[in-house]
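Written below as structure tokens is the structure these notes are about.
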Amino acid sequence: MIYNLVIYIYLFGVKLAALFGNKPAKMVKGHREVFDLLRDKIDRNARYIWFHAASLGEFEQGRPLIERIRKEHPEYKILQTFFSPSGYEVRKNYQGADIVCYLPFDTPRNVRRFVELVNPCMAFFIKYEFWRNYLNELYKRGVPTYSVSSIFRPNQIFFRWYGKRYREVLKTFAHLFVQNDVSKKLLAGIGVNRVSIVGDTRFDRVLDIFRQAKQLSLVEKFKGDALTLVAGSSWGPDEDLFIRYFNEHPGLKLIIAPHVVSDDHLKEIMGKVKRPCVCYTEAVEAEVAQADCLIIDCYGLLSSIYRYGEISYVGGGFGVGIHNVLEAAVYGIPVIFGPNNKKFREAQHLLERKGGFEVTGYDDFSRLMDRFLCDSDALDQAGRAAGEYVSHHAGALEKIIKEIPF
């Protein structure tokens, strides 16, 4: 079968790459150890619900569902698998699951061993995960399997003339919970009708984060009553814009949570800042209010820190692509980002609703910031548009829960 041949070629490629790179080496090691881990941890008397996410972003989409099931159905145990090290390494100690591990490559032998060990009573695959051998095996065993927050586009293999055999994998799902009407119509066109339009669970996730946001007394002391720009997940080109503006506007305070927290990057940032600056891990409450710039030199706080801004900047738009705009928008503040945003649906929607703003260089950024600093009504209106966008699109979780026969 061509599919299996492709999987074996991919597996060989990853093993070869592991000789030269840290990320594939972690993946190979994790895949090698997964069966021993499962034999050691699986409770044979328990019923497991299996969640699979390729990486961290997909995990965050599935997380509201995991935590809802955990709360309302404690009779089940949760298995969370990842394909990518960028998901597993960050969430391997996630307390919402009983077991967290890698998903072995989709070879027939791996699939049989994995499913026999886990023996799940149901499974959830998040967004773009369509592993043919796993899905076929679950279907054969009568395990109800669901696709959550999936999106389908005409150029995907399922809808091409040469994808006829592969599209059969979609019929193994008990139900597909898709994000939009286009996806449902495409699926109907190939005879897949067990489909509901529910939206994106990420909106539910950021609302959960909003409700559970940490009170950070150090950040509160720093902010005081000053108008504050929070820049999250920033890279060098992003920092060139907002730090330059901050240096020239003494009434503005700045919080920077860079995407990469390394000694070199922190030194680079501090070299650009020309006003009093302090790092979060070194700050003390008695003195932090005297600083004008606060650098978050640790991970895990950004989603709570956006609450302290009147304006947000989300990085990545001058390089790899913008990061999570919803984490900022949920607080009802305008979201600014760079030009590499076209493939990010939430950014496009925020632009349409005037809650998000694209900047292509310093002049754009400066004009926009001048407007927000001088016109409080414009600032309030933009923030309101961002917050309403998030709240109006929440609710996917409730729709999914109603369809699952526990």
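Here is a yes/no grid of residues against (1) of a type in the set (A, V, I, L, M); (2) outside the structural domain of His52 (by TED's automatic domain parsing); (3) not in a strand (DSSP E or B):
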position	(1), (2), (3)
Phe124	no, no, no
Glu137	no, no, yes
Tyr146	no, no, no
Asn155	no, no, yes
Phe158	no, no, yes
Lys171	no, no, yes
Leu176	yes, no, no
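Quick one: which of Gly142, Gly62, Gly57 is among the small types (Gly, Ala, Ser), assigned to a loop (DSSP other than H, G, I, E, B) and under 21 Å from Leu176 (Cα atoms)?
Gly142
Which one of Tyr331, Tyr362 is in the same structural domain as Lys221 (by TED's automatic domain parsing), over 18 Å from Lys223 (Cβ atoms), touching a helix residue (DSSP H, G or I) at 6+ places or on another chain (Cβ under 9 Å) and not polar (S, T, N, Q)?
Tyr362
Out of the range 178-220, which residues are in a helix (DSSP H, G or I) and of a type in the set (Asp, Glu)?
Across the range 178-220, the qualifying residues are Asp181, Asp204, Asp208, Glu220.
Would you check which residues across the range 317-335 are surrounded by 24 or more Cβ atoms within 10 Å (Cβ to Cβ) and more than 12 Å from the chain's Cα centre (by Cα) and list them?
Gly317, Ala328, Ala329, Val330, Tyr331, Ile333, Pro334, Val335
Give me the residue from the range 355-406 that is closer than 22 Å to Asn247 by Cβ and of a type in the set (S, T, N, Q) and, out of that set, surrounded by the most Cβ atoms within 10 Å (Cβ to Cβ).
Filtering first and then ranking leaves Ser366.
Would you mind finding the one in Val169, Val178, Val192 that is within 25 Å of the chain's Cα centre (by Cα) and over 24 Å from Gly361 (Cα atoms)?
Val178
Within the range 191-198, identify whether any single residue is in the same structural domain as Val6 (by TED's automatic domain parsing), crowded, with 16+ Cβ neighbours inside 10 Å, farther than 25 Å from Ala328 by Cα and of a type in the set (S, T, N, Q), and answer yes or no.
no
Here is a list of conditions, (1) surrounded by fewer than 16 Cβ atoms within 10 Å (Cβ to Cβ); (2) over 23 Å from the mean Cα position of the chain (by Cα); (3) polar (S, T, N, Q), and Gln95 meets all of them except one; can you say which number that is?
If we test Gln95 against (1) surrounded by fewer than 16 Cβ atoms within 10 Å (Cβ to Cβ); (2) over 23 Å from the mean Cα position of the chain (by Cα); (3) polar (S, T, N, Q), just (2) comes out false.
Can you name the residue in the range 264-297 that is among the basic types (Lys, Arg) and surrounded by 11 or more Cβ atoms within 10 Å (Cβ to Cβ) and is also nearest to Leu252 (Cα to Cα) among such residues?
Filtering first and then ranking leaves Arg275.
Please indicate, with yes or no, whether at least one residue in the range 109-118 is buried (at least 21 other Cβ atoms within 10 Å of the Cβ) and in contact with a strand residue (DSSP E or B) (Cβ under 7 Å, 6 or more places away or on another chain).
Looking for residues that are buried (at least 21 other Cβ atoms within 10 Å of the Cβ) and in contact with a strand residue (DSSP E or B) (Cβ under 7 Å, 6 or more places away or on another chain), one finds none in the range 109-118, hence no.
Sort out which residues of the range 144-180 are closer than 21 Å to Val198 by Cβ and among the polar types (S, T, N, Q), and write them in order of number.
Matches in the range 144-180: Thr145, Ser147, Ser149, Ser150, Gln156, Thr172, Gln179, Asn180.
What are the pairs with Cβ atoms under 7 angstrom where one residue, in the range 356-373, is more than 17 Å from Leu227 (Cβ to Cβ) and the other, located anywhere, is part of a loop (DSSP other than H, G, I, E, B)? Sequence gap at least six, or different chains.
The qualifying pairs are Gly356/Val325; Glu358/Pro339; Glu358/Asn341; Val359/Gly338; Thr360/Pro339.
Would you check if Lys26 is surrounded by fewer than 20 Cβ atoms within 10 Å (Cβ to Cβ), under 17 Å from Gln95 (Cα atoms), in the same structural domain as Glu129 (by TED's automatic domain parsing) and of a type outside the set (Phe, Trp, Tyr)?
Considered against the rule, which asks whether it is surrounded by fewer than 20 Cβ atoms within 10 Å (Cβ to Cβ), under 17 Å from Gln95 (Cα atoms), in the same structural domain as Glu129 (by TED's automatic domain parsing) and of a type outside the set (Phe, Trp, Tyr), Lys26 comes out as no.
Pick from Gln95, Gln80: which is without any contact (Cβ under 8 Å) to a residue 12 or more places away in the chain, under 30 Å from Pro405 (Cα atoms) and either in a helix (DSSP H, G or I) or in the same structural domain as Tyr134 (by TED's automatic domain parsing) (or both)?
Gln95
Could you check Ser304 against (1) of a type outside the set (Asp, Glu); (2) modelled with pLDDT under 95; (3) under 17 Å from the mean Cα position of the chain (by Cα); (4) not in a helix (DSSP H, G or I) and say which number it fails?
If we test Ser304 against (1) of a type outside the set (Asp, Glu); (2) modelled with pLDDT under 95; (3) under 17 Å from the mean Cα position of the chain (by Cα); (4) not in a helix (DSSP H, G or I), just (4) comes out false.
Quick check on Gly232: is it in the same structural domain as Leu302 (by TED's automatic domain parsing), small (Gly, Ala, Ser) and in contact with a Leu (Cβ under 7 Å, 6 or more places away or on another chain)?
Yes.
Conditions tested, residue by residue: (1) surrounded by 11 or more Cβ atoms within 10 Å (Cβ to Cβ); (2) within 23 Å of Glu89 (Cβ to Cβ); (3) at pLDDT 90 or above.
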| site | (1), (2), (3) |
| --- | --- |
| Ile2 | no, no, no |
| Ala17 | yes, yes, no |
| Glu33 | yes, yes, no |
| Asp36 | no, yes, yes |
| Ala53 | yes, yes, yes |
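Kindly provide the set of residues from the range 344-370 that are closer than 16 Å to Arg384 by Cβ and not in a loop (DSSP other than H, G, I, E, B), ordered by number.
Those that are closer than 16 Å to Arg384 by Cβ and not in a loop (DSSP other than H, G, I, E, B): His349, Leu350, Leu351, Glu352, Gly356, Phe357.
Can you spot a residue in the range 168-176 that is touching a Pro at 6+ places or on another chain (Cβ under 7 Å) and within 29 Å of Ala46 (Cα to Cα)?
yes
The values are calculated or read from the model by the stated rules, or taken from the named source; none is laboratory data. Source: prediction; values computed, not measured. All Cβ positions, even for glycine, are placed from backbone atoms using ideal geometry, and neighbour counts span all protein chains on display.
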